[in-house]
Each structure stands twice: as C-alpha cells, then as structure tokens.
C-alpha cells in the first residue's frame, strides 16, 4: 500500500471518529448540513448511542468535551479559538480556555529512540542523568529533567512520536470541511472557516517545530539581557532539533506557591508589577511578546529574579502595527470614532458590508460608559473583552497577532490579579504608552519617517515617466488590455458561453434536419423502409440531440 493510500485510509477512519463525536455530543445538525453522515462507521450505526451528557450541559460545554475527545489537534484548535472573541461568541471562548491537553506520557524507550535519531547520540552519551518519569506531559510532547555531561542542569522537551502525521491528517480534514462549509452554508461564511483553519495550521506547525520555540527564547533573552529582574533560560542548541529542545533548568518557586513565597520573603505585589511591566515592555518597546504568562510559566528564583518559561506562544508586532495601536488608543481617548474606524480599515478588518453608522454608534456608547473614570477605576481586560465583543457583533475581523495580543494582555492581567487583586493594568500600561508616543513625536523620529516617505515617493516619481511611457506605447500598438477580476463578470462570461454553445448546437441540429430533408426530397439511394437511408439517419441523429438538449435545459432549470 503506497503512502497516498495509507493517508487516504487514515483520513476516512478519522472522518468516522469526527462524525461519531459530533453525534455523541448532540451536534447531529452539523452532520446533516455538511452531508458527512455516510462517513460514520457501520458498527457505530448499529450500536445504540449512550447519552454521556448532563441535561445542564450547555452548547459550549458540549463543544469543549467533544474537542477533548477528538484529541491533540482539536484541543489546540479550541485553544486558538479561545483567543478569538472576534470570531466566536464569548461563552465559547471562555469554555474553550478550560481545554487541557495533559495526557498519559509515552514510555522512556520511545524517548530514547527519538533522542538518538534527532541528536545522533544515545541518552547515556549526552546526559549524565536523565529522569525517566516526565515532569510534564501534553498532547504534542513531554518534558524530562536531565543533567548534561558538563554538569549543567537542563529540561528536555521531547515530541510525541507520530503526532505530526496525526495533525497532518486532521488538518487535511479541517481544510475540506471548512471549504465545503464556506461554499455551501451561508451562516458559516460569517466566521470564515477557511481563514481560521489556515491561521490554526500556521500556529500548530510552528509549535511542532521546537527550533522556533528555541529562537523565541533567544529573542526574549536578547530583549531582557540587561534587565535586573527578568531572567530567560538558556537554549542548548547542541542538544536541540525540530523535535527535541534542551533548555536551562530553572531552580525556583512556582509563582502560585504563595506560602513558599511568603516564607522566602518575596512580595507578591512586586512580582505582579514586574511581570506586567515586562509585558508592557514587550508590547510597546520590543514588538515581541509572550502571549501565555499564566502562573505555570512564571518562576521565582532564589535571588528574587523572575524567570519566564515556555516560549511556544509568542506574538510579533511590527513598528507600523505598534504605531497603529497607539493611534487607536489616541483616537479612542479623544473620542474620534471615525479615525478609529479608519484605523480598523487600515488593519483590513472592515469589509464593505459593515454598517459603519451602527458600528460608530455602538463604539460611542461603549466609550460613554467609561468616560470620566479615573485610570484606577478602569479594568483593561474587561474593556478589551467588551470592545472585541462589539467588533464581533459587527463582523469586524481582528488580525491574528492583535487577537493574540488581546489574549496575552488578559492572561498577564489575570496572573497579576491573582498575585495582587488591587493591581491595575491600565496604570502600569500608561507610562509605557506615553513613552512610546513621546518617542514617536521626537524631531529625529519625525525626520526619519518623513525622509523614508519622501524616499518612497521619489522612487515612485522617478519610475513614473518610464511606466507612463510604457503604457502609452502599449496603447499605441493596440495591445492595451483591461482585466476585471470580479465574480459577477466571470458568471456573465460563463452564461454567455453557455448560451452561445446552446445556440450553436441548435443551429447544427437545424442544419442536419434541413440536409436530411433535401436528401429525402432528392430520393438519394440507398433506401430503407422505402426512404433514403442518409435522410433517415440524419433525422434520427437530429431527434436524439434535440431531445438531449431539451432534457438538459429542463434539468438545469434555465429554460
């Protein structure tokens, strides 16, 4: 059996499990609308379906349980969707944020095989000590403590064997379902399932490449190289690959261990402030941020420094996007809603069918709700959530990196609020936003921006005469073509082609009938049933094609 057939068989088998799960968790209407009921295995159809849900289980709970049953790929999809309040209702995003991918660890012999294959050396040749029982296990990989031959204590992240093939199969299925849903289900088009799957594919493939996480760690390490309170663990590249990642082991206290922190004399309020300030530095100054600063990813070292861990979920903000974010903040602060809407257009978030007047009215209402409040009275996480819900209501799409920033902001504030319930993200963010704005208004910065814009315009103006001359030469030779890329135009052309083909076909049938009549009138031999054979054949052929044309027109419903 070749590789393609094996992959096809795996897809069919997986389709069956998906249909089973949809029916089990009472989403039969989706199966019916997608027309995938035939993919359900025969044994499942014959077996009586046992109810596994409680009467109190809501739609979001059912969806979460189903994703957990379907396994790693769908758990990751749910985790990505939990950040996209602009795409799905908030009750689903909140439920999907509970998705956990902790699973049973895979055995040590498989770990040894993978390390030997990836690093081209056995465990005993690389490590002085390697803990067989992992300290953490998830759907994509697991983490082991170890010690290198040079005495360095490390953690080794090892990818689960076969997970890449499983995810590739699931991605193929997701693409086919998303394409079908977007084409045939009008209600699904609002959520743009194809774009969701494409965004998810980029995210999960990046997570499957451990070298990407290693590069993220090094990027953060450079950004915090001189920071007195934030520490980033070292990456050991000699013992890392796409499926194995070796990082420095951090000996410290979990940020959630309040009693231990108190015993060691650490102030939780200071920790909360440092983490939030570090996050604001990442957003406003570095343009590269850690999007998952929950308690498990923050360790407190013995010397009081705060170590950030797990760099698989990181976001990048270009200089232009950071400027647009500042412009958005200024527009909202000044109550300039039209400017804010124009900035959303620049983000590519607003489509032609969005009701601008209705959107403007809702934003004004939201701003009025917070107007006049002091900074201490503002809860940034709630404001972000309310704004995202408002944008989703009007089908305004938010770019993936901005949605990730929203998730990162809420996670960072959630961590800090756990450490210090009185902390305020807005108060921490304010000086960073002011500094970024002040930096942008410096004469040198304005001069650099102006020079860059002038340089771009000079290139355009320099090339303009040649371009115009070229266009005029083409027009003079009569070779200038205008191309319209519009669906309506394509449909019109297709309709004209169909009509012209039918007309041509009708003329051919008419010509056969006329020719056959002339042959019969001329009495051309040979004869059959007392009539010229060629004439009879002509009438039979014309009759057959004529009936076929009538049936085709009736079946297509375009008479």
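What follows draws every value from the coordinates through simple rules; no lab data is involved. Fair warning: this is a prediction, and the values are worked out from it, not measured in the lab. In this analysis, Cβ positions are derived from the backbone assuming ideal geometry, glycine residues included, and neighbour counts consider all displayed protein chains.
Some notes on this structure:
- Figure legend: label point modelled 7 angstrom from the Cα of residue 109 along Cα→Cβ; no residues of the range 117-152 have amide N under 13 Å from it.
- Theoretical gain in end-to-end length, residue 528 to residue 336 [0.36 nm per residue, Cα-Cα removed]: 60.2 nm
- Residues 339, 507, 332 arranged by fewest to most Cβ contacts within 10 Å: 507, 339, 332
- Per-selection Rg to Rh, the range 254-298 - Cα, Kirkwood hydrodynamic radius: 1.05
- FRET efficiency for the pair residue 55 and residue 345, taken as 1/(1 + (r/R0)^6) with r the Cβ-Cβ distance and R0 = 60 Å, rounds to 0.85.
- Full-extension gain in nm, residue 149 to residue 364, via 0.36 nm per residue minus C-alpha separation: 71.1 nm
- The Cα-based radius of gyration and maximum Cα-Cα distance (Dmax) for the range 55-100 are 9.8, 29 Å.
- R0 of 25 Å, Cβ-Cβ distance residue 545-residue 183: FRET efficiency to nearest 0.05: 0.15
- Multiplying each eigenvalue of the alpha-carbon gyration tensor of the range 266-441 by 5 and taking the square root yields semi-axes of 30, 17, 15 Å, largest first, rounded to whole angstroms.
- Annotation: extensible slack from residue 237 through residue 386 equals 49.3 nm (criterion: 0.36 nm per residue apart, minus Cα-Cα distance).
- Alpha carbon centroid spacing (whole Å) that separates the range 399-418 from the range 303-339: 10
- Fewest-first sequence of 426, 93, 56, 242 by Cβ atoms within 10 Å of each Cβ: 56, 242, 426, 93
- Kirkwood Rh and Cα Rg combined as Rg over Rh, evaluated for the range 102-249: 1.09
- Least to most buried among 340, 527 (fewest other Cβ within 10 Å first): 527, 340
- Separation between Cα centres of the range 206-284 and the range 123-168, rounded to whole Å: 19
- Put a dot 7 Å past the Cα of residue 91, heading toward its Cβ, do the same for residue 205, and the two dots end up 3.6 nm apart.
- R0 of 51 Å, Cβ-Cβ distance residue 136-residue 353: FRET efficiency to nearest 0.05: 0.65
- With both labels modelled 7 Å from their Cα along Cα-to-Cβ, the residue 427 to residue 13 distance reads 5.8 nm.
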